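So the structure is just underneath, and the comments pick up after that.
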Amino acid sequence: MDSSLLQVWHAASGSPFVPTVGKDSQFLVGFVLVVLGFLLTGTFALNRTIINLPVLGIPASLALAIGVVYMFCGVGVYKKERAESRRTTTPISPPLFRAVASSTRPLYQLLKSISFTNKLHVEITESGLRFAADHARVMQGVAHWNKNLFTSYTTNFPSPPPARDGSNSDSDDADEESPTPTFQISLPAFLETLQIFGAADAAARQAKADVDPYRSNLRNYRPDAFSHQTLGMSGTCSLSYEEEGGHFSIVLEEAGVKTTCNLTTYLPEAPEDIPFDIEDLSFKIITQARWLLDALAEIAPTSPEKLTIVASRKEPYLRLTSAGGSLGSSSVDFAKGRDLLETFSVKERWIQTFKFDVIKSATEAMRIASKVSLRGDRQGVLSMQFMVEVEGTGLSFLDFRFVPYAEHEDDDDEDENDERGEGGGDRDENGMFD
């Protein structure tokens, strides 16, 4: 029985069905039948007799029914052929951006470090993706996804407008104004998408962080013995942005399971970057990120509201002091030494006060980074640049900028006098990192 059906199937494939009325003439035949049906119906309406019923009435009904069916078939075939012709004649434009990564772990780590806001400003460039988050214009975090994080990275930006004739400056301006896609997306939705296949690992890390949010563990984000990367399970993450105003698409595929997420994009409304004068720095200090994380862990139990940062040529060289806490105040001093402060450059004494919760928002970056560069300009803006070592892809960077409290000059003088008076009182904490 099965063999006979198979033979019938192969035989039918050799003789395809050909309709009596061709596709190109179906609409014309249907139109003629509909017109003939209307004429017969009108004639029958004028001479309604039993004799004319089989002569005019029934043929009119059949002509209308068959004609309408043929017209529907003809219109459908016409639309299909027209759509196919458009597909063949109109070239399909490539997406503005497309990238493929073999793992979402480093992408999630970098993006989680600036998860202190709901909307995320995205800028796609030739060298990678730039994500910027802003909080009330007092804190700004920027995460960079370098193109080295992806196995494939392709951009197809529209060409800049043609240069005007007459001078080379016009061509230079045109090159500088070449457009790059910018938009905003929901940061919680993006993070939830990236951890679809790693929800268990993320939940375990979150449980550990809840026990001690300031725990400094360098192996917290490294793959364990049962991770997909260690077991050799294939997994890819594809990112694409088709056109301006379109969806930002994420396609995750792992162990035969494929998930497609289309995130709605919004008009870019990100404010300008917090001004930071890199040419007029008051100090620059480079140290290991875990030292700074441990210092905040020492201060956090007092539940402070403010954090004062002091950088000076003399002792204390770098001091973090808490204030406004319900359990009192505390301070941590950093000794000057290559083991603790790898780079120490102070032009003038720098002291500024920040909101502690704002500085605490950067603890996720401190936890995954290997080094941090602290810089302060004469305006009082604090810059923290974290260097994150990603296995197999090189280095990535996280930039944070903080705006200090606006204080009166009298308060500044009193704080300076207090710091000078306390210069040698906390030396016992200088060796806490030895």
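The values are calculated or read from the model by the stated rules, or taken from the named source; none is laboratory data. Computed from a prediction, not measured in an experiment: that's the story for all the values here. Glycine also receives a Cβ, built like all others from the backbone with ideal geometry; neighbour counts cover every protein chain displayed. Side chains are part of the model used for accessible areas, which takes the heavy atoms of the whole protein and leaves out ligands, DNA and RNA. Shrake-Rupley method; radii C 1.70, N 1.55, O 1.52, S 1.80 Å.
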Q: Could you grab me the full set of residues in region 177-194 that are modelled with pLDDT of 85 or more and part of a loop (DSSP other than H, G, I, E, B)?
A: T180, P181
Q.
Being in contact with a helix residue (DSSP H, G or I) (Cβ under 9 Å, 6 or more places away or on another chain), open to solvent by 10 Å² or more (accessible area, probe 1.4 Å) and in a strand (DSSP E or B) is the filter here; which residues of region 104-154 pass it?
A. K119, H135, H144, Y153
